[in-house]
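In what follows, a single structure is set out as structure tokens and then discussed.
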Amino acid sequence: MRKKLLFISDCLDSCPLLIDTLRERFDVEWFCEGAEALLHLRTEASPNLVIVDPEIEGLADWELVRYLHSSKTCRGVPVIVISDRPFEENRHLYFRYGIMDYFRKPFLNEQLIDAVEGLLVADPLERIF
């Protein structure tokens with residue numbers, strides 16, 4: 001059975017190629033608007049992994065990440081952050097919310113795909129940042 005990913009980013013210029021590549025291996029739902037993604041998370045079955053820009057339009061910064069971290073249904077779902085900001089700027093948040101990996105934009109699609117595959121096959125007890 002194919003794993004389900006949620007990709008949450010309003011970066012319309014670089015995402016389509018990445019989404020197409022991910023869809024070759026996974027079931028991917030892409031949300032460009034934060035409120036729509038949050039509604040989906042609250043009403044649908046939990047995904048196997050979430051890739052999110054925590055500063056997506058339409059929500060307060062990190063609102064989606066806070067929801068994923070606190071929700072009973074989403075807690076434990078691996079989260080990868082993609083961001084324009086340097087790692088050090090939000091380092092404390094990555095650790096607070098259990099972010100599994102971080103990619104600063106622009107990033108290499110192949111590296112993100114490798115990270116996704118690694119997280120989806122790893123034993124949850126072996127996952128580390």
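Please give the strands (runs of 3 or more DSSP E) falling wholly within the stretch 1-79 in which 1 or more residues are at pLDDT 90 or above and among the acidic types (Asp, Glu).
Values: elements: 4-8, 27-31, 49-52.
The strands (runs of 3 or more DSSP E) meeting that bar are 27-31.
Which number in (1) among the hydrophobic types (A, V, I, L, M, F, W, C); (2) touching a strand residue (DSSP E or B) at 6+ places or on another chain (Cβ under 8 Å); (3) under 21 Å from PHE95 (Cβ atoms) marks the one condition that ALA60 misses?
(2)
Every residue, every condition in (1) in contact with a helix residue (DSSP H, G or I) (Cβ under 7 Å, 6 or more places away or on another chain); (2) closer than 16 Å to LEU119 by Cα, yes or no:
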position: LEU41; (1), (2): yes, no
position: LEU49; (1), (2): yes, yes
position: GLU57; (1), (2): yes, no
position: THR73; (1), (2): no, no
position: VAL77; (1), (2): yes, yes
position: PHE87; (1), (2): no, no
position: ARG104; (1), (2): yes, no
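Output the number of the condition that VAL81 fails; it satisfies all remaining conditions of (1) touching a residue at least 40 places away in the same chain (Cβ under 8 Å); (2) more than 18 Å from LYS3 (Cα to Cα).
(1)
Only one of (1) farther than 22 Å from VAL121 by Cα; (2) touching a residue at least 60 places away in the same chain (Cβ under 8 Å); (3) surrounded by 17 or more Cβ atoms within 10 Å (Cβ to Cβ) is not met by LEU17, so which one is it?
Status for LEU17: all satisfied but (3).
Looking at VAL77, is it over 22 Å from PRO106 (Cα atoms) and β-branched (Val, Ile, Thr)?
Working: over 22 Å from PRO106 (Cα atoms): yes; β-branched (Val, Ile, Thr): yes.
Here the answer is yes, as VAL77 does meet what is asked.
Could you grab me the full set of residues in the stretch 54-76 that are surrounded by 20 or more Cβ atoms within 10 Å (Cβ to Cβ) and closer than 15 Å to GLY98 by Cα?
Correct list: PRO54, LEU64, VAL65, LEU68.
Take the residues in the stretch 81-97 that are surrounded by 12 or more Cβ atoms within 10 Å (Cβ to Cβ) and within 28 Å of GLU24 (Cβ to Cβ); name whichever of them is nearest to the chain's Cα centre (by Cα).
Looking only at the stretch 81-97, we keep the residues that are surrounded by 12 or more Cβ atoms within 10 Å (Cβ to Cβ), and these are 81-83, 85, 87, 90-91, 93-94, 96-97.
Next cut, within 28 Å of GLU24 (Cβ to Cβ) only: 81-83.
On the way: VAL81: 5, ILE82: 7, SER83: 11 Å.
Result: VAL81.
Please determine, by comparing only the residues of the stretch 93-129 that are among the β-branched types (Val, Ile, Thr) and either touching an Asp or Glu at 6+ places or on another chain (Cβ under 8 Å) or modelled with pLDDT of 90 or more (or both), which one is farthest from MET1 (Cα to Cα). Full working, then the answer.
First, the residues of the stretch 93-129 that are among the β-branched types (Val, Ile, Thr): 99, 113, 116, 121, 128.
Next, from what is left, pick out any that are either touching an Asp or Glu at 6+ places or on another chain (Cβ under 8 Å) or modelled with pLDDT of 90 or more (or both): 99, 113, 116.
Numbers: ILE99: 25, ILE113: 18, VAL116: 16 Å.
Filtering first and then ranking leaves ILE99.
The values are calculated or read from the model by the stated rules, or taken from the named source; none is laboratory data. As the structure is a prediction and not an experimental result, all values here were calculated from the model. All Cβ positions, even for glycine, are placed from backbone atoms using ideal geometry, and neighbour counts span all protein chains on display.
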